[in-house]
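Working notes, structure below.
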Amino acid sequence: MQAIEITQQILKNYSMACVPNAMATAFAPVNIALCKYWGKRDSNLNLPMTSSLSISLDKLGALTQLTYLNSNLNSKNNNSDEIHLNQTRIANTEVFAERIINFLNLFRPNFSGVFRVDTKINIPVSAGLASSAAGFAALTLALNKLFGWNLSVRALSILARLGSGSACRSIEKGFIKWERGTRKDGMDSFAHKLNYAWEELQIGLLMISKAPKAISSRDAMKKTVETSILYTAWEKQVDHDLGLLEQAIAHHDFRLLGETVEANALAMHATMLSAREAICYFQPETIACIQKIWALRKTGLNLYFTQDAGPNLKLLFLKKDKADVLMHFPGLIKARE
Ligand code: PMV
């Protein structure tokens, strides 16, 4: 099934012939997976092999301004969109712009015209910090505003997923669970907010490298699913971890949360290391920081980490330990406080 069939199905009751607003702006937060999404069962629709669970970093994310430039151009696959990132025009041949234009094309069958997309992202792009998730979620929210669709959170989550899988978890803020779903068309694969709050839970970003990743998460996932002998074990671990995480979040059990989050991230990286050829997002400094965290934990500091498709680490700790954590990691970027 093609992604365009899904957008048309969701928008079948909406006329796109008229644009009520010339411009719309929306913000979407970065989300950090506590239980990771790693592997697609359908790569056109970004349908996951497993469910996943994340927490949003409410102040970090993407602010996207969408301007409808011209309704007279006759195009269904328009390459004349203008894509700007952090106030710099990106050539339409670059992957970043191409992905956005392809996403906009999914909404274009019923009207002609081009957009200017201005995205401001306050974290490094393509360094495993989930900037694309925030970007596609903000773009989806901006489209919804521009056209006045008033879509449900579920529909917005499904649409954002078509841009980037984990973007479906950036439509709302808080603890978010993305249900795997079983349907072929993915209409039951969307993210929803879990009804929990945890004020004391803090997250900091430990920047190890701002360089773009060597292999995209899309390619890395494909290779892992196809070649890793550990993949079936990973699917079982996710089921187990999701239960533990919900329990930890509901009871504010930080130790259970930290242990589960860390084990989940390491298991995901183990599946990649066992792929052929091996995929390795660790840098020597990543390992050094992990060992420092483990050593600090032995001294009694309640500090855990998670790592996505890049060398950078996200540290999890409680508000009461913030001063201690900052003393050991002075360069830590405060992401959730
Ligand atoms: O949605 P993508 O294609 O950027 O993949 C995200 C993959 C991880 O960040 C490693 C895990 C996750 O669940 O966010």
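A few points about this structure:
- For the cross-link pairs Lys210/Lys320; Lys36/Lys177; Lys213/Lys314; Lys36/Lys210; Lys292/Lys322; Lys40/Lys177, the ones whose C-alpha atoms lie over 19 Å apart are Lys210/Lys320; Lys36/Lys210.
- Of Trp234, Gln2, Leu206, farthest towards positive along the dipole that unit charges on Lys, Arg, Asp, Glu beta carbons give the chain: Gln2
- Loop-located trypsin sites (Lys or Arg not before Pro) across region 230-283 with a Cβ neighbour count of 16 or fewer within 10 Å are Arg276, with loop assigned by DSSP.
- Sorted by Cβ neighbour density within 10 Å, fewest at the top, the residues Thr119, Thr67: Thr67, Thr119
- With each label modelled as a point 7 angstrom along the Cα→C-beta vector, the Asn302-Glu285 pair spans 3.0 nm.
- A straight Cα-to-Cα reach below 16 Å connects Lys173 with the lysines Lys59, Lys193, residues fewer than 8 places away in its own chain not being considered.
- Taking every C-alpha pair closer than 8 Å and separated by at least 6 residues, the mean separation divided by the residue count of region 188-337 gives a relative contact order of 40 percent.
- Across the chain, C-alpha contacts under 8 Å between residues 6 or more apart give a mean separation that, scaled by the residue count, equals a relative contact order of 20 percent.
- Cα-Cα separations in the chain greater than 28 Å, expressed as whole percent: 40
- Going by neighbour counts of Cβ atoms within 10 Å, the residues Phe103, Phe96 line up, fewest first, as Phe96, Phe103.
- When Met268, Met207 are sorted by how many other C-beta atoms sit within 10 angstrom of their C-beta, beginning with the fewest, the order is Met207, Met268.
Only the coordinates and a few stated rules stand behind these numbers; no lab work does. As the structure is a computational prediction, the values presented were derived from the model and not from experiment. Neighbour counts are summed over all protein chains in view; Cβ atoms, including those assigned to glycine, are modelled from backbone coordinates with ideal geometry.
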